[in-house]
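Remarks on the structure that follows.
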Amino acid sequence: MKREQTLGEFELIKRYFRGAALEAAGDQSAIALGIGDDAALLNIPSYRQLVISTDSLVQDTHFPSNCSPDDLGYRALAVAVSDLAAMAARPLAFTLALTLPDVEENWLNDFARGLAEAAQAFQISLIGGDTTRGPLNIGVTVFGDVPCGLGLQRSGAMPGDLLCVGGPLGDGAGGLAVVLGQDMPATLSIADRNYLYQRFWRPRAQCELGQALAGIASAGLDVSDGLLADAGHLASRSGVAVHIWADDLPHSPALGNWTASQRLQWMLGGGDDYVLLFSLPPSHRASLDEWQARGWSVSVIGEIRAGEGVWLDEGAGPQRVGRPAGYNHF
């Protein structure tokens with residue numbers, strides 16, 4: 001980034017990260033003290049538990065250097081909030097640790113605008129953080145709360161449970177192909193291209209669905225590393241076998257422009273979808289109709305059985321999946 005002028009840390013924070021758009025985006029009754037002191041204070045009722053998660057986005061590892069800063073600001077917060085949704089938590093507040101190679105005011109203005117759009121969308125307030133010089137790195141820590149004992153975990157799935165997903169799969173990988181400028185199918189419309197671009201840069205953390213799963217779903221997480229990899233996490237932590245039915249995997253109309261084999265590859269291993277994957281006891285099957293009536297695209301894509309590992313049925317019976325591929329930092 002090009003240097004335009006030198007801003008001190010406190011002036012930078014005041015100019016780009018103070019104000020109602022970020023500081024008052026969420027429930028203000030939860031914030032006893034926000035930006036401006038050595039640390040923030042949150043009000044947590046005794047009957048609720050605090051949920052905390054941290055995400056770090058590094059240039060050229062998680063995003064290309066030529067990306068739009070407003071998209072980057074939105075994505076940085078959205079993927080962190082998705083971890084709260086996965087725990088059935090209500091978003092409360094977040095902190096931002098921003099490492100910048102240089103100070104470019106146009107970039108900061110656009111980044112802060114995208115960050116504020118996400119804060120408003122997910123009703124979560126900025127309460128502090130840090131800024132420093134170095135390679136571009138965006139660290140977001142999110143705080144939420146959940147009724148005591150109802151936080152959704154990866155453990156808890158039982159044989160007989162339904163395996164469900166909160167929305168279409170494969171859009172994250174398709175969106176990445178658009179972002180990277182890869183060859184596109186001739187049938188892909190501008191509207192579909194824009195849809196996939198938005199699904200990658202502006203994922204929709206499923207906070208409302210996550211909170212609705214509290215006390216109903218037996219286990220869950222968000223699909224960030226890829227369906228097979230994340231199903232493997234659920235299987236391992238719960239001590240069960242996860243069976244997935246390939247024909248029942250949902251995908252968007254936009255993804256229908258690719259071949260069936262490419263779609264399946266992206267739906268199973270693409271990652272970056274940030275939809276919820278959860279197990280549902282059969283006694284709560286009626287909840288599916290209620291959620292679908294609310295406009296949530298919840299689908300049953302398999303079941304939980306006794307055993308271990310992840311099994312995929314592509315129409316010829318279940319086959320054990322080897323160590324599921326997925327995003328791995330190392």
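Here are the numbers for the structure shown:
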{"item": "Residues being under 26 Å from A231 (Cβ atoms) and either touching a helix residue (DSSP H, G or I) at 6+ places or on another chain (Cβ under 6 Å) or part of a loop (DSSP other than H, G, I, E, B) (or both) - total across region 138-157", "result": "12"}
{"item": "Hey, S279 in a strand (DSSP E or B) and polar (S, T, N, Q) or not", "result": "yes"}
{"item": "Flag if L196 is under 28 Å from T61 (Cα atoms) and at pLDDT below 95", "result": "no"}
{"item": "Count of residues meeting criterion [among the charged types (D, E, K, R) and either surrounded by 17 or more Cβ atoms within 10 Å (Cβ to Cβ) or in contact with a helix residue (DSSP H, G or I) (Cβ under 7 Å, 6 or more places away or on another chain) (or both)] in region 117-131", "result": "1"}
{"item": "Among the candidates F200, F143, residue that is over 18 Å from R48 (Cβ atoms), buried (at least 19 other Cβ atoms within 10 Å of the Cβ) and of a type in the set (F, W, Y)", "result": "F200"}
{"item": "Every residue from region 216-237 that is part of a loop (DSSP other than H, G, I, E, B) and within 17 Å of A88 (Cα to Cα)", "result": "I216, A217, S218, V223, S224"}
{"item": "Filter result for G181 (assigned by TED's automatic domain parsing to the domain that holds Q198 and either among the hydroxyl-bearing types (S, T, Y) or surrounded by 24 or more Cβ atoms within 10 Å (Cβ to Cβ) (or both))", "result": "no"}
{"item": "Flag for V298 being buried (at least 18 other Cβ atoms within 10 Å of the Cβ), within 17 Å of the chain's Cα centre (by Cα) and within 30 Å of V51 (Cα to Cα)", "result": "yes"}
{"item": "Any chance G210 is crowded, with 17+ Cβ neighbours inside 10 Å, within 23 Å of R90 (Cα to Cα) and in contact with a Pro (Cβ under 8 Å, 6 or more places away or on another chain)", "result": "no"}
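Residues checked against (1) aliphatic (A, V, I, L, M); (2) buried (at least 17 other Cβ atoms within 10 Å of the Cβ); (3) outside any strand (DSSP E or B):
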{"site": "E11", "(1), (2), (3)": "no, no, yes"}
{"site": "R15", "(1), (2), (3)": "no, no, yes"}
{"site": "G26", "(1), (2), (3)": "no, yes, yes"}
{"site": "I35", "(1), (2), (3)": "yes, yes, yes"}
{"site": "I44", "(1), (2), (3)": "yes, no, yes"}
{"site": "T61", "(1), (2), (3)": "no, no, yes"}
{"site": "N66", "(1), (2), (3)": "no, no, yes"}
{"site": "G73", "(1), (2), (3)": "no, yes, yes"}
{"site": "L77", "(1), (2), (3)": "yes, yes, yes"}
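The values are calculated or read from the model by the stated rules, or taken from the named source; none is laboratory data. Remember, it's a predicted structure, so these values are computed and weren't measured experimentally. Because the Cβ atoms are built from the backbone with ideal geometry, glycine has one as well, and the counts that use them run over all protein chains shown.
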